[in-house]
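Coordinate-derived values only; no laboratory data. Keep in mind that what you see is a predicted model, and the values were worked out from it rather than measured. Note: ideal-geometry Cβ built from the backbone for every residue, glycine included; neighbour counts use all protein chains shown.
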Amino acid sequence: MHLLFTINENYVSVLETCIRSILRFPCEEGYDLYILHDQLSEAVQQKLTQHADQNARFHFISVPDTAFSDFPQNTRYPKTMYYRLLAAEFLPETLDRVLYLDPDIVVIRPLDELYHMSFDGNLFCGATHVRKFLTRLNGARLQMPEDAPYLNSGVLLINLEELRKRPCRQDILAYIEKRQAYFTLPDQDILSALYGNETKLIDHLRYNLSDRMYFLHNANLQNEKIDLDWVRQNTSIIHYCGKNKPWKENYRGVLDCFYHEVLSSQK
């Protein structure tokens with residue numbers, strides 16, 4: 001199973017927890033973890049590879065500073081967030097697919113079903129965390145194709161084979177020049193606008209569940225309520241997206257129990 005992470009040194013400890021959560025569930029072919037990074041030191045790379053065993057192989061790929069010099073970035077949104085969009089440029093050509101995961105994720109069930117999912121001709125498989133009204137607003141803001149979903153970029157199954165056939169860098173830079181002034185979350189804005197209508201939607205309750213989406217689901221009277229037992233039996237990926245992180249004092253939510261279970265397993 002090929003997994004992709006994109007980080008700088010600010011997220012190393014968070015990524016360690018994510019990786020530990022994944023390796024609790026051995027897969028038959030083992031894991032190849034590809035880490036696109038912005039100058040990770042040798043010490044940090046060694047810290048991460050201490051989790052390597054016969055079931056996990058680490059591949060560190062340093063991305064040149066100049067590779068994303070034309071992409072908008074700031075302290076909150078560093079250039080590493082774009083690496084996933086052009087992963088096909090940096091990953092080995094022998095890979096036909098890769099599962100990208102944000103580091104602020106914990107895995108609580110095996111990933112095999114998601115990883116081996118059919119693309120059905122699409123470039124990505126991903127989830128949306130946005131309801132129809134906000135999807136329409138984002139569509140107008142970004143000039144997205146009609147009916148294209150606004151995607152959460154934290155969990156993406158990427159069709160590398162098909163992306164290599166596209167002039168993705170040129171398309172992305174052209175779109176940035178056209179709509180940069182309207183960006184709020186640059187990577188998600190670009191992903192949704194250019195590839196939203198070529199993304200197969202996956203169930204966010206199973207593969208990209210956040211506290212916000214948990215509460216919104218249960219607040220909708222038309223939905224069958226879910227609880228933590230349901231999550232434990234059905235969800236594979238918990239995503240602590242946004243500012244609400246279980247390792248911060250101001251965390252508000254109920255899904256932090258899964259994060260702390262991983263931490264306790266490390267001791």
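Brief remarks follow.
- Cα shape, the stretch 221-265, gyration tensor, a/c 1.5 rule: oblate
- Neighbourhood charge, 13 Å Cβ-Cβ cut-off, centred on residue 141 and excluding it, Lys, Arg +1 and Asp, Glu -1: +2
- Pairs of lysines in the stretch 2-266 (C-alpha under 21 Å apart; 8 or more residues apart or interchain): 5
- Gaussian network model of the chain, Cα within-10 Å springs - most flexible of 49, 66, 199: 66
- Unit Cα scatterers, Debye sum, the stretch 2-266: log10 I(q)/I(0) for q = 0.10, 0.13, 0.16 Å⁻¹: -0.49, -0.87, -1.38
- The alpha carbons of the stretch 1-127 give a radius of gyration and a Dmax of 14.5, 41 Å, in that order.
- Share antiparallel - DSSP beta bridges, the chain, percent rounded to 5: 40 percent
- Cβ charges +1 (Lys, Arg) and -1 (Asp, Glu), total dipole of the chain, debye: 780 debye
- Per residue of the chain, the DSSP helices (runs of n ≥ 4 H) give a summed -39500 (n - 2.57) that works out to -9500 deg cm²/dmol at 222 nm.
- For the stretch 163-220, the Kirkwood estimate of the hydrodynamic radius, built from every pair of different alpha carbons, is 13.7 Å.
- Comparing 141, 252, 206 in a Gaussian network model of the chain, where Cα atoms under 10 Å apart are tied by springs, the biggest mean-square fluctuation is seen for 252.
- Cα-based shape type of the stretch 118-209, given that a ≥ b ≥ c are square roots of the gyration tensor eigenvalues and the cut on a/c is 1.5: oblate
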